[in-house]
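The values are calculated or read from the model by the stated rules, or taken from the named source; none is laboratory data. None of these values were measured; they are calculated from a predicted model. Counting neighbours? That spans all protein chains shown, and the Cβs are built from the backbone with ideal geometry, glycine included.
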Amino acid sequence: MFAVGYTLIFSILRIINFAHAAIFTLGAYFTYALTGSAFGYNGLLKNSALPIHLPFLLAAVVGAMLAGLVAIVIERLAFRPLRNRGADPLLSLVSSLGVAVVIVNVIQYLVGAENYSYPAQPYGNLPTAINFGLGSQRIPVRTVQIVIFGVSVVIMLLLTYWLNRTKTGKALRAIAEDATTASLLGINTDQLILLTFFLSGMVGGLSGALIGSSVSIAGPYFGISFGLRGLAVIVLGGLGDIPGAIVGGVVLGLAEAFVPVQYIAYKDAVAFAVLFLMLLLRPQGLLGRAELQKV
Amino acid sequence: MAVFFATYGSLIVAMLLAAMLALSLYLPLLAGQLSLASPGFYALGGYVAAIISTRVVPFDSGAQAYIWRMGTHEVARFSGPLYPVSLLIVEMLVAGVLSAVLAIVLGLPALRLRGIYLLLATIAFVQILQVVTQVLDLTGGAIGIFNIPQPFASQLGYAWVVVPLLLLSAGFVYRLERIRIGRAFTAIREDELAAAAMGINLAYHKVLAFTMGAVLAGIVGVISAHSINTWNSRQGTFDAGITYLAFVLIGGSRTFLGPIIGGIVLYALPEVLRGLAAIPGLPLALAQLLKDGRLIMYGLLLVLGTIFFPQGLIRPNLFRHRTVEATPRKIEQQ
């Protein structure tokens, strides 16, 4: 689900937005702040808390909106100047790396580097785990994970529908094909790209909040480590392919789960090994078709 | 002056090392290959030094001890037997050869990829290396290797190795930019297709540029490991890669002077700002920012640099042709 936001931007603009990882973190922290929880012992804002106490789900939605707004600001400040100059996509990537580093360290500067956990029972009275097994063979699955999976499938379906069936989606695909021609045809490219960034930021922020509710927020670098694995996911699914991003996520999760116990210490390397192999064998992704190199 | 060098010896050495790391990132960039693999080879070099000096060579580093004396200007001097410099050079050779072999093995398949894909592959390489070194016993696991013996009595002593090495590598890159191979690199950077059409072997030159950068990073790793005395998997990470990238891109990615000066200045910048933070009367928040905001600053510089100075601050014709450069711009504006 995290990867969907990446993919959305890549599919339109052909750039990898490293700042997305930072937005993901921001979403988690915004949600944390909006639930009225206090920040810890270090940093500038120690022991402060917002006067409002929103329930988790509302906080997550508002947090995602805020993350989307931040994504818009990033687009205006760090991407548009480069795009207007027609700069190399690699430069945009470097610029987005810079943004990511700034956001992460500003968070650390403001609220310190501790772990934060959301208040207990973020999903109200639902049981913490649901039994999927039969009789004596219990297969408990945590409710949080079901929620995350459900939400990501819904978001994927909505985005796919939006991109392929609506007029706005059609306009966006036209921009992806050729931004100059699209703008000549009367499509407001800048506005639509802003919209893309907003949606991608929202999806990123929401996934930050949800994943934070599953494993707690592990400091400001939480998003970056997730982001690097997210890269593996989108390459696995094929860059710019939204259903592919979900498939990639599932495949990677399974691959990590099947690491034999004696090699469990190498689990963190699996994502990157998969990324490396995919790049060598099938850079177009699992579901993708080979793309012709444009000259 | 003596006090200055005794106090800032390690900083000066680290600045020069940073310049060389920036140069190691600059080399693949010369051929248009954006790679973040340098930290990986840097880490590899460090481990080579740490393993050879603590496990292979029978050298008792326990006999070395720190002497701290501020009064008579002796800060962090080592007493006891010193690690032989000849072995340090052997380590540098081993690290260089190992880095070269690994770079070729890695580079041959990875450099078929272009642009973003190569960057992703090198990020993956750095991450895999980090996990592997965290797990293996040979590299000391997550704790790393301690008590790497010191070849020099004071930190400034490293200058005997670092300064000649920096001059050598700078001279090497200076020459490289002017011979056939360097021109081939530039041609590939400007237009891969046109370069191939002119009969330049793309794969050969890309791997060559990548390998040269890797060798330099590996050698720098050896010196760093001795200089900071301990080595673990937190050396040479993704973050470090971004820092080097900032050195190169801010300094200038079109001439070898760019990364060198960028590395030296940007490495020293946080220290200078830390000094500024001590000025009385500054608001607490600002002072804190000046003290701890190193990465915030690098990040901002990366964004501003890519927008306003896409070729970096130091451009090849900064020192000459100033009038010549000014004229075509005016024409362009009309």
**Message:** Given the options B:Ala225, B:Ala187, name the one that is crowded, with 24+ Cβ neighbours inside 10 Å and either aliphatic (A, V, I, L, M) or more than 13 Å from the chain's Cα centre (by Cα) (or both).
**Reply:** B:Ala225
**Asked** Quick check: anything in segment A:95-112 within 14 Å of chain B (Cβ to nearest Cβ), assigned to a loop (DSSP other than H, G, I, E, B) and at pLDDT below 75?
**Response** yes
**Message:** Tell me whether segment B:209-221 contains one or more residues that are part of a helix (DSSP H, G or I) and within 13 Å of chain A (Cβ to nearest Cβ).
**Reply:** no
**Message:** So, in segment B:121-156, exactly how many residues are more than 14 Å from A:Ala269 (Cα to Cα), touching a Leu at 6+ places or on another chain (Cβ under 9 Å) and buried (at least 19 other Cβ atoms within 10 Å of the Cβ)?
**Reply:** 5
**Message:** Of the residues B:Ile123, B:Ile51, B:Ile128, B:Ile89, only one is at pLDDT 80 or above, touching a strand residue (DSSP E or B) at 6+ places or on another chain (Cβ under 9 Å) and assigned to a helix (DSSP H, G or I); which?
**Reply:** B:Ile51
**Fill in**
Taking segment B:123-157 and keeping residues more than 11 Å from chain A (Cβ to nearest Cβ), in contact with a Gly (Cβ under 9 Å, 6 or more places away or on another chain) and among the polar types (S, T, N, Q) leaves B:Asn147, B:Gln150, B:Ser154, B:Gln155
**Prompt:** Considering B:Gly252, B:Gly305, which residue is modelled with pLDDT under 80, more than 11 Å from every other protein chain (Cβ to nearest Cβ) and out of contact with any Asp or Glu (no Cβ under 7 Å at 6 or more places or on another chain)?
**Reply:** B:Gly252
